[in-house]
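Student: Structure incoming, see below.
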Amino acid sequence: QVQLVESGGGLVQAGGSLRLSCAASGRTFTNYRMGWFRQAPGKERESVAAVDWSGGRTYCTDSVTGRFTFSRDFAKNTMYLQMNSLKPEDTAVYYCAADYKLKAVCTGDYDYWGQGTQVTVSS
């Protein structure tokens, strides 16, 4: 199995920035399908950003395009979500996910999930 651990969440004022980290163990990132997801109270989980096996980056939610950046550090087996210009609407628990499936990345059917990290944006 693959273990995923998120970190970097916290409380930030609107307009501020945070960088989330997701440390993976067990497999290399080379052939991973990887993504960031978020879920606000009472809301459905939504895909935020993801990459496929080729390394192609996709921003899955229109509201984050231009503000959030997905990146990977293969040496550290870690992926990141840099979040800038944060808005109260970004408040949610953020999850990272990964697996080895050759399929669309902006979906909720990943095999391995972290436990989540809380991001709260105050107005």
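The values are calculated or read from the model by the stated rules, or taken from the named source; none is laboratory data. Computed from a predicted model, the values in this text were never measured in an experiment. Every residue, glycine as well, gets a Cβ built from its backbone with ideal geometry; the counts of neighbours run over all protein chains shown. Surface accessibility is based on the protein's heavy atoms, side chains included, excluding ligands, DNA and RNA. Shrake-Rupley method; radii C 1.70, N 1.55, O 1.52, S 1.80 Å.
Student: Checking VAL105 against (1) open to solvent by less than 30 Å² (accessible area, probe 1.4 Å); (2) more than 17 Å from SER7 (Cα to Cα); (3) outside any loop (DSSP other than H, G, I, E, B), which single condition isn't satisfied?
Tutor: Failing condition for VAL105: (3).
Student: Would you mind finding the one in ALA49, ALA40, ALA24 that is of a type in the set (Gly, Ala, Ser), touching a helix residue (DSSP H, G or I) at 6+ places or on another chain (Cβ under 9 Å) and buried (at least 17 other Cβ atoms within 10 Å of the Cβ)?
Tutor: ALA49
Student: When you go through GLY42, GLY10 one by one, which is the residue that is of a type outside the set (A, V, I, L, M), free of Cβ contacts under 8 Å to residues at least 12 places away in the same chain and within 20 Å of SER122 (Cβ to Cβ)?
Tutor: GLY42
Student: Among the numbered conditions (1) in contact (Cβ under 8 Å) with a residue 40 or more places away in the chain; (2) over 22 Å from VAL5 (Cβ atoms); (3) not β-branched (Val, Ile, Thr), tell me where GLY66 comes up short.
Tutor: Of the numbered conditions (1) in contact (Cβ under 8 Å) with a residue 40 or more places away in the chain; (2) over 22 Å from VAL5 (Cβ atoms); (3) not β-branched (Val, Ile, Thr), the odd one out for GLY66 is (1).
Student: Could I ask something else about it? Filtering segment 43-64 down to residues that are hydroxyl-bearing (Ser, Thr, Tyr) and outside any helix (DSSP H, G or I), which residue is farthest from TYR95 (Cα to Cα)?
Tutor: Ranking the candidates gives SER54 first.
Student: Hey, another quick one. Restricting attention to segment 3-28, which residues are small (Gly, Ala, Ser), in contact with a Ser or Thr (Cβ under 6 Å, 6 or more places away or on another chain) and in a strand (DSSP E or B)?
Tutor: SER7, SER21, ALA23
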